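The values are calculated or read from the model by the stated rules, or taken from the named source; none is laboratory data. Note that the coordinates shown come from a computational prediction; the quantities given were computed from them, not determined experimentally. Because the Cβ atoms are built from the backbone with ideal geometry, glycine has one as well, and the counts that use them run over all protein chains shown. Remember, those area values only see protein heavy atoms, side chains included, never the ligands or the DNA or RNA. Shrake-Rupley method; radii C 1.70, N 1.55, O 1.52, S 1.80 Å.
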Amino acid sequence: MKDKKQLLLTIGLVLILVLMIVGISYAAFKFTGLGKRENTITTGAITMKYTETTNTISMNNALPTTDATGKVRLTEGEYFDFTLSGTIKGSENINWEIAAEDVTTSTKKIDGKYIKLYLTSLDENNNETEVMKPTVYTTEKAENTYTGRPTNMMSLAKGTTSTSFSTKYRLRMYVDESYNPQGDGGNLAFSIKINAYGKTGDKIPEPTAAEVLAAKANAEDLDYNSATDAQKKEMWTFTHEATEQTTALTDYRYIGADPNNYIKFNDELWRIIGVFDTDDGTGKVEKRLKIIRNESIGSYSWDNKDTTTGAENNYGKNEWAEARLNYLLNPGHESETAGGSLYWNRGAGNCYKGYQNATKTCDFTTTGLTEKNKAMIGNAKWYLGGTARYNSSSNGLASHWYKYERGTKVYSGRSTSWTGKVGLMYLSDYGYATSGGATTNRASCLAKELTKWDDSSVSDCKDNDWMYNSSKSQWTITSQFNTNGVFYVNNTGYVSSNIVYGDCGVRPVVHLNSAIKVITGSGTKESPYILE
């Protein structure tokens, strides 16, 4: 072959149909083949093999038939079995196709619109799965062009695979019930040849970091206290019902006091919250890593506007889309008097903290985001739903917060979502990160309202939650049902609301681009994952 990347297999099977008119009420058909064949071709890192396991399709004195009858013919000679297999030794995909070619040479030919083909695959017990429903013979142009593949062929099956494969197929061919032989004059013919084509495709992509880490996740129902030490360090699976803003989802989260979720990001230690189906704000959803800075970048007001600068009163405004903390963390706000995009741009100046537009000096020249790491962050849709009731086990569990956050209940005029680069943790992130302990297990912690996690009777919940920080209270992105309240995680472990100009630590949270890969590392603090 001139192009070693191209692989062409033409299988020498010809099924010939001879139609004989008997009277004017029915037709008899005879199919003949060329006998059992086997064909193997190897090129580069790919071997494809075609094997016929039955001789012919032969139906004598057959009538035009319905699909219901044609699909279940099992008498020997009424179907044709063959196997297509491929062995891949390299790191490339293989694109393959099985096609039927009209090779009728007779001038007296039955129209292909009366010929039905039906293809199934067979398992080791010869149980059949439909591959192609009963379809009249028709030609179509291939989506992928194979060297030597005529365009006037009927595609029966096609696919792309990155692993070796072997599939047994069963082909049935019959004349459709719509055919009326009257007036054809007899001795009509229709011949097809079965062809298999293959070629190497793109190089098999390396798995993304999200794929690699999610593949290690434990089952949702695995008891943490019964898990091995290695299992405890990996993610856990969480399934969620649909909410007002999301479909039913499955995500993967690190839990416990100190799982292997450390990464080197922005020349600092960050932690992986988990792998999530993330909307980039346009409706495109991909599995992406969600990460949080291990330490706070400092304490700043969530917002501290007053009536002269855009708030309903002098106590700030809990609208994340225009919050001063948002403007500090994200691009596009360089024109602000204070704080605008300083963290994003690795800058220094004044940042908002305190009552009624108060500021303090801030310097992110060594802790702000680098150009390299900004390029790794993708836009994400952040959900801003909230609640007014959250103080009991009937409304304050981590699972409740998950629904509140992705709900549409917000204070009048507030946004239900925001699309951007840098945000903050959800309360559900904090709640779901617990593994519980020997006294209060994980299930019991998840059944305890977050407002009471400071209770000594459930200290296992916060003490075995890697997101808990005993030295500093932490802002979340979730607002309360009023003009200026935002939820936070107190440094004693409980969840409550705080006025937006209050004093809480800021731990930036981002969703990495879906293509990010793991280069090295084991996820420990001493050997964090290195990503690119």
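Anything in segment 411-463 that is among the hydroxyl-bearing types (Ser, Thr, Tyr) and outside any helix (DSSP H, G or I)? List them, or say none. Matches in segment 411-463: Tyr411, Ser412, Ser415, Thr416, Ser417, Thr419, Tyr426, Thr434, Ser435, Thr439, Thr440. Among the conditions (1) among the hydroxyl-bearing types (Ser, Thr, Tyr); (2) within 23 Å of the chain's Cα centre (by Cα); (3) modelled with pLDDT under 95, the only one that Ser412 does not satisfy is (2). Note on segment 481-501: residues that are open to solvent by 10 Å² or more (accessible area, probe 1.4 Å) and either touching a Leu at 6+ places or on another chain (Cβ under 7 Å) or in a loop (DSSP other than H, G, I, E, B) (or both) amount to 9.
Taking each residue of segment 328-342 that is assigned to a helix (DSSP H, G or I) and modelled with pLDDT of 95 or more and looking for partners that are open to solvent by 10 Å² or more (accessible area, probe 1.4 Å) and basic (Lys, Arg) with beta-carbon atoms closer than 9 Å, six or more apart or interchain, yields Leu329/Lys421. Glu322 falls short on exactly one of the conditions (1) closer than 22 Å to Tyr426 by Cα; (2) open to solvent by less than 30 Å² (accessible area, probe 1.4 Å), and that condition is (2).
Name every residue in segment 283-293 that is touching a residue at least 60 places away in the same chain (Cβ under 8 Å), open to solvent by 10 Å² or more (accessible area, probe 1.4 Å) and farther than 19 Å from Glu211 by Cβ, in order of residue number. The one that is touching a residue at least 60 places away in the same chain (Cβ under 8 Å), open to solvent by 10 Å² or more (accessible area, probe 1.4 Å) and farther than 19 Å from Glu211 by Cβ: Arg293.
Does segment 93-128 hold any residues that are closer than 19 Å to Thr161 by Cα and part of a strand (DSSP E or B), and which are they? Within segment 93-128, Asn93, Ile94, Asn95, Trp96, Glu97, Ile98, Ala99, Thr120, Ser121, Leu122 meet the criteria.
When segment 244-270 is filtered for residues that are open to solvent by less than 10 Å² (accessible area, probe 1.4 Å) and not aromatic (Phe, Trp, Tyr), the ones remaining, listed by number, are Asp251, Arg253, Ile255, Gly256, Pro259, Asn261, Ile263, Asn266.
Among Leu171, Leu156, Leu188, which is modelled with pLDDT under 70, of a type in the set (A, V, I, L, M) and in contact with a strand residue (DSSP E or B) (Cβ under 8 Å, 6 or more places away or on another chain)? Being modelled with pLDDT under 70, of a type in the set (A, V, I, L, M) and in contact with a strand residue (DSSP E or B) (Cβ under 8 Å, 6 or more places away or on another chain) holds for just one of Leu171, Leu156, Leu188, which is Leu188.
Return yes when Thr138 is closer than 28 Å to Leu74 by Cβ, more than 28 Å from the chain's Cα centre (by Cα), modelled with pLDDT of 80 or more and part of a loop (DSSP other than H, G, I, E, B) and no when it is not. Criteria met by Thr138.
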